[in-house]
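The values are calculated or read from the model by the stated rules, or taken from the named source; none is laboratory data. On a predicted model such as this, the values are computed, not experimentally measured, just so you know. Please note: Cβ atoms are built from the backbone with ideal geometry, for glycine as well, and neighbour counts cover all protein chains shown.
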Amino acid sequence: MIRVVIADDQPIARERLVSLLAAEPGVELAAAAASGPEAVDCILQQSPDLVFLDLQMPGMDGFKVIEAVGIERMPPTVFVTAHDEYAVRAFEVQAIDYLLKPFGRHRLQSALARARRHLERERQGQMAGRLAELLQSSRSQPGERLLVKTGGRVCFVEVEAIDWVEAEGNYVRLYVGDQVHLMRETMTALIEKIGAQRFSRIHRSRIVNIKRVKELLIAGGGDYQVVLWDGTKLGLSRLYRDALQDQMTSG
């Protein structure tokens, strides 16, 4: 049985979440708060297993609720938000999950399943450490993660984990290990976000993570290929060959 506290200042949203949770087996509603201060009281008094916390509440938002409760005492949390920018801040530290309003029953069930797995494998202290990072996330270095929307969800890709990128019109494809993510972004704008120091252009429509380059092969006729550590081979335009070599040796 998971004892849950809900905190949302919007009555309709709060009541809908209460209704959805009531239909889920193994979930007990400990309290429902309509404001940040009320959420703090409920959490401290009820000591729930899980909190559904709205990040945008007047007077005391979700982040201030965490500060008021205290990092060590804050239960595992599913963040609730109507804005992508709040989702980014919450998810940057690998929090349990977030619900982007409006959400349906299936999405709630997915969040609950994730919460159950978390409660089974991690102690409360580990979540406290993550929430501490969350409160400091506004000072994190820009461009370390990318927000990618896919299949109705938002996932976050570590810039350092990207092997290479290919432009496709106003989109780019991010090749990350055995995964491929499609992101609405131009190549020029993407390079500005992730930093040109770590990536080098090898073709008009392709860039590569310098740390993923194993070697350069002469393909014949003066053409080269870039070979990545995972064996991927990419054509290297002569126009960018010298710049890539300089960037690799200087790095």
Cβ pairs under 7 Å, 6+ apart or interchain, first in the stretch 176-199 and without any contact (Cβ under 8 Å) to a residue 40 or more places away in the chain, second among the charged types (D, E, K, R) and in a strand (DSSP E or B), ordered by first then second residue, are VAL180/ARG173; LEU182/ARG173
- request: Return a yes/no flag: does the stretch 171-180 have any residue that is at pLDDT below 90, of a type in the set (Asp, Glu) and within 30 Å of HIS106 (Cβ to Cβ).
  value: yes
Reported set for the stretch 4-15 where residues are surrounded by fewer than 19 Cβ atoms within 10 Å (Cβ to Cβ) and either touching a residue at least 60 places away in the same chain (Cβ under 8 Å) or under 26 Å from the mean Cα position of the chain (by Cα) (or both) is GLN10, ALA13
Apart from one, (1) under 23 Å from the mean Cα position of the chain (by Cα); (2) under 21 Å from ALA113 (Cβ atoms); (3) not small (Gly, Ala, Ser) all hold for VAL18; the odd one out is (1)
Scanning the stretch 193-251 for residues that are of a type in the set (Lys, Arg) and part of a loop (DSSP other than H, G, I, E, B), the one modelled with the highest pLDDT turns out to be ARG204
Turns out the helices (runs of 4 or more DSSP H) fully within the stretch 1-118 with at least 3 residues that are over 18 Å from PHE156 (Cβ atoms), modelled with pLDDT of 85 or more and among the small types (Gly, Ala, Ser) are 11-22
Here the residues within the stretch 152-170 that are among the charged types (D, E, K, R) and either assigned to a loop (DSSP other than H, G, I, E, B) or within 28 Å of GLY104 (Cβ to Cβ) (or both) are ARG153, ASP163
Subset of the stretch 194-209, residues surrounded by fewer than 15 Cβ atoms within 10 Å (Cβ to Cβ) and touching a Gly at 6+ places or on another chain (Cβ under 7 Å), comes to GLY195
Looking across the stretch 210-222 at residues that are over 18 Å from GLU144 (Cα atoms) and of a type in the set (Val, Ile, Thr), the single one that is surrounded by the fewest Cβ atoms within 10 Å (Cβ to Cβ) is ILE218
PRO48: closer than 21 Å to HIS118 by Cα, under 23 Å from the mean Cα position of the chain (by Cα) and in contact (Cβ under 8 Å) with a residue 24 or more places away in the chain, yes or no?
no
